[in-house]
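Novice: Right, I'll just put the structure down here and ask away after.
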Amino acid sequence: YYGTRTLLQMLKQSTKLPKGTIKDVPLYPVRSVLIDVGRKFMEVEDVKDWIRMMGWMKINELHFHLNDNAWGRYPGYRLESKKFPGLASKDGHYTFEQIRELINFAKLHGVVIVPEIDTPGHSLALTTYRPDLAHPEIDSERFGLAYLDLNNPDTIQFVKELWDEVIQLFDADLGHSGTDEYR
């Protein structure tokens, strides 16, 4: 696939291809982009445009940042959940069928989609859905109770069950948990 991108890129520069051998080997095996749909939902066709561009540029991994806190206290979680009905954002989220559509489309463009559920910080969507999982002592004016309480066994079980549901949807060999900005 990447070899065809190289030829097409050469043809955009000139209709005459030089004779010879092309060695097109990336310096890094993983070339990735993160799309933050947790803060700002993107329609499926817009995500496909990104995937098309990634394939053209030989970027092979898309981190799909599915949850975050946006503009103060807004909790975004962008994937439907059959295990936890009502968790998904009302102003835009992806169905399981749409995720499968995106994964299949990405494969055609040499891209693997890696799911990312940012925890234990950036978890306002999770703590809004389950307030009992919020850390009782970590609050901020900016994000409210957006931090999960890692001392609460129910938190660990909830996140595990959420990942169990999400990870089976994706073909990637890994998932990403963010883990940044946890005080």
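The values are calculated or read from the model by the stated rules, or taken from the named source; none is laboratory data. Keep in mind it's a predicted model, so treat the numbers as computed, not measured. FYI the Cβ positions are ideal-geometry reconstructions off the backbone, even for glycines, and counts take in every protein chain you see. For the accessible areas, the whole protein counts, side chains as well, though only heavy atoms, and no ligand, DNA or RNA atoms are used. Shrake-Rupley method; radii C 1.70, N 1.55, O 1.52, S 1.80 Å.
Novice: If you scan the stretch 26-44, which residues turn out to be open to solvent by 70 Å² or more (accessible area, probe 1.4 Å) and closer than 24 Å to LEU79 by Cα? Can you show your working first?
Specialist: Of all residues in the stretch 26-44, those open to solvent by 70 Å² or more (accessible area, probe 1.4 Å) come to 27-30, 34, 39-40, 43.
Result: LEU34, ARG39, LYS40, GLU43.
Novice: Another question, if that's okay. Working carefully through the options LEU79, LEU108, LEU87, find the one that is at pLDDT 95 or above and buried (at least 22 other Cβ atoms within 10 Å of the Cβ). Steps first, answer last, please.
Specialist: Numbers: LEU108 fails: buried (at least 22 other Cβ atoms within 10 Å of the Cβ); LEU87 fails: buried (at least 22 other Cβ atoms within 10 Å of the Cβ).
Every option except LEU79 fails the conditions.
Novice: Which condition number in (1) at pLDDT below 95; (2) within 16 Å of ASP118 (Cα to Cα) is the one that LEU34 fails?
Specialist: (1)
Novice: Within the stretch 29-52, is there a residue that is aromatic (Phe, Trp, Tyr) and within 15 Å of PHE105 (Cβ to Cβ)?
Specialist: First pass over the stretch 29-52, keeping only residues aromatic (Phe, Trp, Tyr): 41, 50.
Of the ones still in play, those that are also within 15 Å of PHE105 (Cβ to Cβ) are 50.
Yes, the stretch 29-52 contains at least one residue that is aromatic (Phe, Trp, Tyr) and within 15 Å of PHE105 (Cβ to Cβ).
Novice: Look at ASP49 and say whether it is surrounded by fewer than 13 Cβ atoms within 10 Å (Cβ to Cβ) and at pLDDT 95 or above.
Specialist: Working: surrounded by fewer than 13 Cβ atoms within 10 Å (Cβ to Cβ): yes; at pLDDT 95 or above: yes.
Criteria met by ASP49.
Novice: Now a separate question. Restricting to the stretch 1-25, give me the number of residues that are of a type in the set (Val, Ile, Thr), open to solvent by 80 Å² or more (accessible area, probe 1.4 Å) and within 18 Å of VAL111 (Cα to Cα).
Specialist: Going through the stretch 1-25, the residues of a type in the set (Val, Ile, Thr) turn out to be 4, 6, 15, 21-22, 25.
If we keep only those that are open to solvent by 80 Å² or more (accessible area, probe 1.4 Å) too, we end up with 15, 21-22, 25.
Keeping just the survivors that are within 18 Å of VAL111 (Cα to Cα) gives 25.
Summing the residues that are of a type in the set (Val, Ile, Thr), open to solvent by 80 Å² or more (accessible area, probe 1.4 Å) and within 18 Å of VAL111 (Cα to Cα) in the stretch 1-25 gives 1.
Novice: Another question about this same structure. Sort out which residues of the stretch 93-125 are assigned to a helix (DSSP H, G or I) and more than 26 Å from MET53 (Cα to Cα), and write them in order of number. Walk me through how you get there before you give the answer.
Specialist: Start the filter on the stretch 93-125 by keeping residues that are assigned to a helix (DSSP H, G or I), which leaves 96-108, 124-125.
Passing the criteria: LEU124, ALA125.
Novice: Now, a different point. Considering every residue within the stretch 71-83, establish whether at least one is of a type outside the set (Lys, Arg), touching an Asp or Glu at 6+ places or on another chain (Cβ under 8 Å) and under 18 Å from VAL112 (Cβ atoms). Please lay out each step first, then the result.
Specialist: The first filter runs over the stretch 71-83 and keeps only residues of a type outside the set (Lys, Arg), leaving 71-72, 74-77, 79-81.
Now drop any that are not touching an Asp or Glu at 6+ places or on another chain (Cβ under 8 Å), which leaves 76, 81.
Restricting the remaining residues to those that are under 18 Å from VAL112 (Cβ atoms) gives none.
Checking the stretch 71-83: not a single residue is of a type outside the set (Lys, Arg), touching an Asp or Glu at 6+ places or on another chain (Cβ under 8 Å) and under 18 Å from VAL112 (Cβ atoms).
Novice: A further question on this structure: Looking at (1) open to solvent by less than 70 Å² (accessible area, probe 1.4 Å); (2) charged (D, E, K, R); (3) modelled with pLDDT of 95 or more, can you tell me which one ASP118 breaks?
Specialist: Only one criterion in (1) open to solvent by less than 70 Å² (accessible area, probe 1.4 Å); (2) charged (D, E, K, R); (3) modelled with pLDDT of 95 or more is unmet by ASP118, namely (3).
Novice: Condition test on ASN60, is it open to solvent by less than 10 Å² (accessible area, probe 1.4 Å), of a type outside the set (Asp, Glu) and at pLDDT 95 or above? Walk me through how you get there before you give the answer.
Specialist: On the way: open to solvent by less than 10 Å² (accessible area, probe 1.4 Å): no; of a type outside the set (Asp, Glu): yes; at pLDDT 95 or above: yes.
So ASN60 fails the test.
Novice: Do we have GLY20 as of a type in the set (Gly, Ala, Ser) and touching a Gly at 6+ places or on another chain (Cβ under 8 Å) here? Step through it out loud before you land on a result.
Specialist: Values: of a type in the set (Gly, Ala, Ser): yes; touching a Gly at 6+ places or on another chain (Cβ under 8 Å): no.
No, not satisfied.
Novice: Looking at the structure I just gave you, is LEU34 closer than 27 Å to LEU148 by Cβ and either touching a strand residue (DSSP E or B) at 6+ places or on another chain (Cβ under 7 Å) or in a loop (DSSP other than H, G, I, E, B) (or both)?
Specialist: On the way: closer than 27 Å to LEU148 by Cβ: yes; either touching a strand residue (DSSP E or B) at 6+ places or on another chain (Cβ under 7 Å) or in a loop (DSSP other than H, G, I, E, B) (or both): yes.
The answer is yes for LEU34.
Novice: Right, something else. Consider HIS135 against the criteria (1) farther than 21 Å from ARG5 by Cβ; (2) crowded, with 17+ Cβ neighbours inside 10 Å; (3) in contact (Cβ under 8 Å) with a residue 24 or more places away in the chain: it satisfies all of them except one. Which criterion is unmet?
Specialist: (3)
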